[in-house]
Amino acid sequence: MSDLRVLTGPEVEQHGNRDSCWIIVHEHPGGSKIILKYAGKDATEAYEPIHPPDAITTNLPVDKHLGAIDTSTVVKVVKEVTEAEKQRQALMDARPPLDNIINMHDFEVVAKAVLPEKAWAYYSSASDDEITIRENRLAYQRVWFRPRILRDVSSVDWSTTILGQKSSLPVYISATALGKLGHPDGELCLTRAAAKQGVIQMIATLASCSFDDIIDAAAPGQTFFLQLYVNRDREITRKYVQHAERRGVKGLFITVDAPQLGRREKDMRMKFVDDGAGAKVQENQKDVKKDQGVARAISSFIDPSLSWKDIPWFKSITKMPIVLKGIATAEDAILAYEAGAQGIVLSNHGGRQLDTARSGLEVLLEVVVALRQRGYFPNPNFEIYVDGGVRRASDVLKALALGAKAVGVGRPFLYAFCAYGQEGVEKAIQIFRDEFEMNMRLLGAKSLSDLEPEMVDASALTQHVVMVPQDNLYQNTYQPLAVAQFRST
Ligand code: PPY
């Protein structure tokens, strides 16, 4: 780069059109329309949340870098502060104090209020009619406890290992993308909190912070897993995986439920607002790229041809344990075991992929039966994880009683840092701890190894329509539970 010349703002402005388009930011897969929107201008602010800092140096050939910019000559695009933005800032200032946050739902309420509309739409959205995302919660409510008593629960221990790595909780921070849409420090909030609390973080391929920035921020000995989207260009994937291994990542979680990204309509509608009327989603293939929301616009690198035949290749390029993330049937759980995976995540991608796919918790029932029948379960070298809809330690205990080794939690930690930064994530983990202590005592489990299928009644789990008589007491007399309160503005 040193022999490149220094450009000036006016010089860049000359190239603000389709024929000659230069932009300033610290092959664009999101299509040309978004580039043209910033043609001849400083695009850094829009660029940063959705591209890790090394995206350009990694992906753009050196001869395509035009040069360094003399920033004193650049006219900043003055961003208009909208009413919505002012209101959002006011709500941010009036957030409930962190001490008043007592459960995961509270984080979500605050995040919804303080996040920019686009970020909330991207994070909270799920596919199609959002039936699966709701089912992820409901599934836990169809499982009831069968608690045991008189077991001397004066001390209870909820620590465990996940893929052989120590974890202070049977919970890991699952991968969520684009963290800087919601907080300037992005995923580093998770890294710092995880270090303090002894929790494992799964780094997302599409994190806003670069992989190296995250690892560089780690405490000595801190454990990470890597979530992998497999690139059409396998060389890029090979380098990425091997780099992660060299930097000490302890498990490779290959996402297998996203050959194409689900249609998340909340996210897609945001694009309408931003790009003006007339944009039509998927009216024809050409339109798709530019009007499909934050997520789909940047997903074209993901390889839809990924298949079981690729698993031996992954095993040949890394010694990290391989876990397939996004298994949804007993049939595929068996194939994963037989392919030599060291684990599976029963997941529907937070309800963001195939709508009306079943909850991971429900899938767990058939997976355990099928693996057991073949002598594949229990097996210390093959672990089953579940994610989606977990909001309470009681949810985790249900999954563990039914055979899971640990659960992944994504959105709650994301919302915690969007609302309160690193401290929010630490508080979220502390809430889980408090809930584990109480629930394990009440369930009669001194340690996680005491959990067994007999401690839950999951007989209604596979029944998707459960008749419940109307409860007049609940509907007419009960006082609804309160949520965290904002201070008056
Ligand atoms: C998701 O949004 O569900 C993801 O897994 C992350 C993502 C983000 C953008 C493109 C593809 C996937």
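Pop out the ³J(HN,Hα) list for segment 254-270 in order, Karplus 6.51 cos²θ - 1.76 cosθ + 1.60 with θ = phi - 60°, rounded to Hz; leave Gly and Pro as x.
8, 6, 10, 10, 9, x, 9, 7, x, 8, 9, 5, 4, 5, 5, 5, 4
Please list T237, T477 in order of solvent-accessible area, largest first, computed with a 1.4 Å probe with all protein chains present.
In descending accessible area the options line up as T477, T237.
Roughly how many whole Å is it from the C-alpha centroid of segment 103-158 to that of segment 412-440?
Measuring centre to centre over Cα atoms gives 12 Å.
Give me the distance in nm between label points sitting 7 Å out from Cα along the Cα-to-Cβ direction at S305 and W144, one decimal.
If labels sit at S305 and W144, their model points lie 5.3 nm apart.
For W158, W313, give me the order by solvent-accessible area with a 1.4 Å probe, most accessible first, ignoring ligands, DNA and RNA.
W313, W158
List the residues of segment 357-378 whose backbone N lies under 15 Å from a point placed 7 Å from the Cα of D129 along the Cα-to-Cβ direction.
Within reach of a label on D129: 357-358.
Can you give me the pair-distance distribution of segment 125-275, C-alpha pairs, 5 Å bins, whole percents?
Result, from short to long distances: 2, 7, 13, 16, 16, 16, 13, 9, 5, 3, 1, 0, 0 percent.
Quick one: compute a quarter of the convex hull surface over the Cα atoms of segment 216-275 and quote it in nm².
The Cα convex hull of segment 216-275, projected and averaged over all directions, gives 6.6 nm².
For L228, what residues show an amide H to amide H distance below 5 Å, using hydrogens built from the backbone and excluding near sequence neighbours?
It is F253, I254, T255, by chain and number.
Could you calculate the contour length gain from I317 to V466, that is, 0.36 nm times the residue separation minus the distance between their Cα atoms, to one decimal place in nm? Each step should come with its number before you reach the end.
Values: separation 149, 0.36 × 149 = 53.64 nm, distance 4.75 nm.
Between I317 and V466, full extension yields an extra 48.9 nm.
If amide hydrogens are placed 1.01 Å from N in the peptide plane, which non-local residues have theirs closer than 5 Å to the one on F145?
Hits under the 5 Å cutoff: D457.
Within the set of other residues whose C-beta is less than 9 Å from the C-beta of L163, count the net charge using Lys and Arg as +1 and Asp and Glu as -1.
+1
Based on the alpha-carbon gyration tensor of segment 384-489, what equivalent-ellipsoid semi-axes (square roots of 5 times the eigenvalues) come out, in whole Å, largest first?
26, 24, 14
Subtract the Cα-Cα distance of A94 and M438 from 0.36 nm times their separation in residues, and report this length gain in nm to one decimal. Don't skip to the answer; put the middle values down first.
Details: separation 344, 0.36 × 344 = 123.84 nm, distance 3.12 nm.
Full extension from A94 to M438 adds 120.7 nm.
Using modelled amide H (1.01 Å from N, peptide plane; none on Pro or chain starts), what sits under 5 Å from the amide H of A177, excluding residues fewer than 5 places away?
Sorted by chain and number, the residues that satisfy this come to none at all.
The values are calculated or read from the model by the stated rules, or taken from the named source; none is laboratory data. Here the structure is a predicted model, which means the values were calculated and not measured. Here the Cβ is made from the backbone with ideal geometry for all residues, glycine too, and neighbour counts use every protein chain on show. The protein model used for the area step is the full one, side chains on, heavy atoms only, and it has no ligands, DNA or RNA in it. Shrake-Rupley method; radii C 1.70, N 1.55, O 1.52, S 1.80 Å.
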